[in-house]
1. Restricting the search to segment 195-211, which residues are surrounded by fewer than 15 Cβ atoms within 10 Å (Cβ to Cβ) and within 16 Å of the ligand (Cβ to nearest atom)?
2. Which condition from (1) within 16 Å of the ligand (Cβ to nearest atom); (2) within 24 Å of K110 (Cα to Cα); (3) not small (G, A, S) is the one that P174 breaks?
3. Would you check which residues across segment 98-118 are touching a strand residue (DSSP E or B) at 6+ places or on another chain (Cβ under 8 Å) and under 25 Å from G169 (Cβ atoms) and list them?
4. Please go through segment 213-237 and give me each residue that is farther than 22 Å from Q188 by Cα, within 15 Å of the ligand (Cβ to nearest atom), in a helix (DSSP H, G or I) and in contact with a helix residue (DSSP H, G or I) (Cβ under 7 Å, 6 or more places away or on another chain), ordered by number.
5. Kindly list the number of the only condition in (1) part of a loop (DSSP other than H, G, I, E, B); (2) of a type in the set (G, A, S); (3) surrounded by fewer than 22 Cβ atoms within 10 Å (Cβ to Cβ) that fails for A192.
6. Is there any pair linking a residue in segment 229-240 that is over 17 Å from V34 (Cβ atoms) to one that is part of a loop (DSSP other than H, G, I, E, B) and among the polar types (S, T, N, Q), with Cβ under 7 Å and at least six apart or on different chains, and which?
7. Cβ-Cβ under 6 Å, sequence separation 6+ or interchain: first residue in segment 198-215 and modelled with pLDDT of 95 or more, partner within 9 Å of the ligand (Cβ to nearest atom) and part of a helix (DSSP H, G or I). Which pairs?
Amino acid sequence: MRRKLAAGNWKMNGLGAGLSEITALTAAHPDPSVDLLICPPATLIDRAAAIAAGHPLMIGGQDCHGNTNGAHTGDTSAQMLADSGATAVITGHSERRTDHNETDAQIADKSQAAYDANLIAVICIGETLAERDSHTTLDVIDTQLAGSVPDTATAQNTVIAYEPVWAIGTGKVPTLDQIAEVHAHIRQRLTARFPDGADVRILYGGSVKGSNATEIFAVPDVDGALVGGASLKADDFSPIIAALESA
Ligand code: PEP
């Protein structure tokens, strides 16, 4: 039985004043029946974790380095995130793959570093519009799964987020059949590769909102969502959580 997960990615948004959204979220969902995760900017992790203390809401990072420490100016290690109160970290988000030219091999290293620091790695994969249009989506998914997910992945330390690049922050969402096809494919690959692959959670991400969450969560093998824009405000994220609790 896979426990559902609603995860929010604040990206490079949020100052101290925005932490009131975490307070509001915990107040609105005092006893959630699904797992909740908010990944604020690294500068807010310790304060967010302090606010969420005593509530099941998890706080996570948005990226980590593959090494534990060293001469990597500006980078943050998984161990540092854990030390700040994080229990999870997003790896391989498409914005990092694009903005920082991150490769599958680097993402696998970052994910392994997350495991070593006892963090859950939320590993993101997904095709561009050009790849979808050229009917190579499932090949891209296979390459990213094989290259970005360490052999040491388990259902406890790993969540896969399927995020079509063209759906992120655009308001465009794949059809439910397209989501179902990719999630079923990911499930098949996970089951073939890992002893507990059937238990690894697979999130959908890309323009999830309160208005489309219910139909997306009804798709088989969609175990929750990774949400960007609609996770910034508790009032927007709450309906998505409620839809997941009802799914
Ligand atoms: C994301 O950043 O992972 C994401 C899915 O963003 P949005 O929900 O804004 O499309």
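1. Once the filter is applied, which keeps residues that are surrounded by fewer than 15 Cβ atoms within 10 Å (Cβ to Cβ) and within 16 Å of the ligand (Cβ to nearest atom), segment 195-211 yields only S211.
2. (2)
3. Within segment 98-118, I107, K110, S111, A114 qualify.
4. A213, A230, S231, D236, F237
5. A192 satisfies every listed condition except (1).
6. L232/N13
7. Pairs found: G206/A167; S207/A167; K209/A230.
The values are calculated or read from the model by the stated rules, or taken from the named source; none is laboratory data. These figures come from a predicted structure and were not determined experimentally. When we count neighbours, we look across all protein chains shown, and the Cβ atoms used for this are built from the backbone with ideal geometry, even at glycine.
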